[in-house]
Amino acid sequence: MHDIDIDMVEMTLDVVKYAINRITQTNPELGKPKTESELRKLVGETVTNSGIGGEKAFELFRQVLVKATVPIDHPRHLAFVPAAPTRAAILFDLVTSASSIHGAYWMEGAGGIFCENEAMKWLVSLTGMPEPAFGVFTSGGTAANLSAIVTAREKWRKNPKNINQKGLLITSIGAHSSIKAMAKVIDADVVLVPSEDAMNEPQLEHFYQNLTASQKNRVFAVVGTGGTTNAGIIDDLEGIANFCSSHSIWFHVDAAYGGGALASKSVRHLFKGIERADSVTIDPHKWLFSPYDCGAVLYKNPEEAKEAHAQEGSYLEIFKDEGAHGFNPSDYQIQLTRRLRGLPLWFSLATHGTEKYEWAVEQGIKLAKIAGELIEQNPVTELVREPSLSCVLYRRIGWSAEDYRNWTYRNHETGFALVTPTKWKSGDGYETVSRFCFINPDTTKNDIEEILKSME
Ligand SMILES: Cc1ncc(COP(=O)(O)O)c(C=O)c1O
């Protein structure tokens, strides 16, 4: 299995050929899912006692299985938060795998961790967080949010009166589902400020004052959002920072999606206050063009994260020894063994420079503006709200929830586009509407026109 023989050499050539072909495609086929039984029928049993051979397995992957996946970098994939990793970043993802580096401790991963830290320095500089702010790369926004709220809760628990208390976290209804999910993981309560638009200081203060005395005592963090996933809305981060500092509460900003826009001059001012956060989540695998998976958590005071996360074990002692000194990423987030998932971002940044990132992010914002104009010009569509960051919510006049769903399936089925519906508060209820999220700078005005035309 570990031998280097002719089969292995041939497989290497096949894999590299496939990778070159895929990396250079600009308009990959928009695959669609099949049921598990359909896939099973097409590929048969693949894990057997003696193996089916690399050639056969790879053939099945190329001919059947990858076609039942959606390429997230397709220019008309505008659903969820798409991704568009740079070719340099994808190539370096291959290099990262080939290099077999353990990214937990400096002693083993020094050269790679050095590269990650170079990329991290740039991320920190985008936020404007002052020294000694720093962070680490995680498997994504969920893990980054979890790492941050564990740090916040552990700091809060340092106060002896909180030791046996269940923590309570305040966020808004616009916050990402991972905040509630991760609060569940740490068995904390969550209360939601009822604002789907930007949560601001007066709303937050009013909400807080309406909590019971015992709830107030249990509040250990407020999570503001730097770009809601649904609509690209940025909370009043400055106001939340004021609230948190006046009540001595941890301030976390979830900018998993919107964080890329910190690189954009045109909208950077909307994030004012992020520099005062205790922790920030940014997902390079969303709007900073890294391949999956790559999130990041940044801390105002990394020592607080280290106190919460550093693991101890007799076999780990050597990594903390004087002789092995250096930055140990595992000390600052939930994971021990870790891939150096910041390496593809570093290589791409080193290759292209930060100005290209600024340009590519501005493209997403520009595409959202163009879409807004086209939607308003089209007699059968209208904006639900002004585009925000790279998100656009719009309505096809006269359509029901079922119409949106059928339209999504139809466009996916024909391999034309993947644009999915969402919901937006309307009166006392929620209305189904359509949503674009632009990430890929290769998406064109024509793509948007064609998608809108398919609604007529
Ligand atoms: C604002 C926000 N936070 C957190 C997440 C979760 O990130 P991940 O899917 O990388 O775990 C997302 C994902 O879309 C998000 O948009």
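The values are calculated or read from the model by the stated rules, or taken from the named source; none is laboratory data. Keep in mind that what you see is a predicted model, and the values were worked out from it rather than measured. Don't worry about glycine lacking a Cβ; one is built from the backbone with ideal geometry, like all the others, and counts go over all protein chains shown. When the accessible area is computed, the model is the full protein with side chains, heavy atoms only, and any ligands, DNA or RNA have been set aside. Shrake-Rupley method; radii C 1.70, N 1.55, O 1.52, S 1.80 Å.
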I'd like to know if region 337-356 contains one or more residues that are among the hydrophobic types (A, V, I, L, M, F, W, C), open to solvent by 40 Å² or more (accessible area, probe 1.4 Å) and in a loop (DSSP other than H, G, I, E, B). no
Those residues of region 192-208 which are surrounded by 15 or more Cβ atoms within 10 Å (Cβ to Cβ) and more than 15 Å from the ligand (Cβ to nearest atom), in sequence order: VAL193, SER195, ASP197, ASN200, GLU201, GLN203, LEU204, GLU205, PHE207, TYR208
LYS34 being part of a helix (DSSP H, G or I) and basic (Lys, Arg): no
Pick from VAL70, VAL81: which is among the hydrophobic types (A, V, I, L, M, F, W, C), touching a Ser or Thr at 6+ places or on another chain (Cβ under 7 Å) and within 16 Å of the ligand (Cβ to nearest atom)? VAL81
Quick test of your reading of the structure: GLN215 fulfils all but one of (1) under 24 Å from ALA305 (Cβ atoms); (2) exposed (fewer than 15 other Cβ atoms within 10 Å of the Cβ). Name the failing condition by number. (1)
Considering each of PHE243, PHE289, PHE271 in turn, give the residue that is away from the ligand (no atom under 16 Å from the Cβ) and buried (at least 18 other Cβ atoms within 10 Å of the Cβ). PHE243
Filter region 143-187 for residues that are within 13 Å of the ligand (Cβ to nearest atom), in contact (Cβ under 8 Å) with a residue 40 or more places away in the chain and under 19 Å from GLN215 (Cβ atoms) and give the result. ILE149, THR171, SER172, ALA175, ILE179
Yes/no for ALA104 being in contact with a helix residue (DSSP H, G or I) (Cβ under 9 Å, 6 or more places away or on another chain), small (Gly, Ala, Ser), open to solvent by less than 60 Å² (accessible area, probe 1.4 Å) and modelled with pLDDT under 95: yes
Filter pass, TRP122 being farther than 17 Å from TYR332 by Cβ, aromatic (Phe, Trp, Tyr) and under 24 Å from the mean Cα position of the chain (by Cα): yes
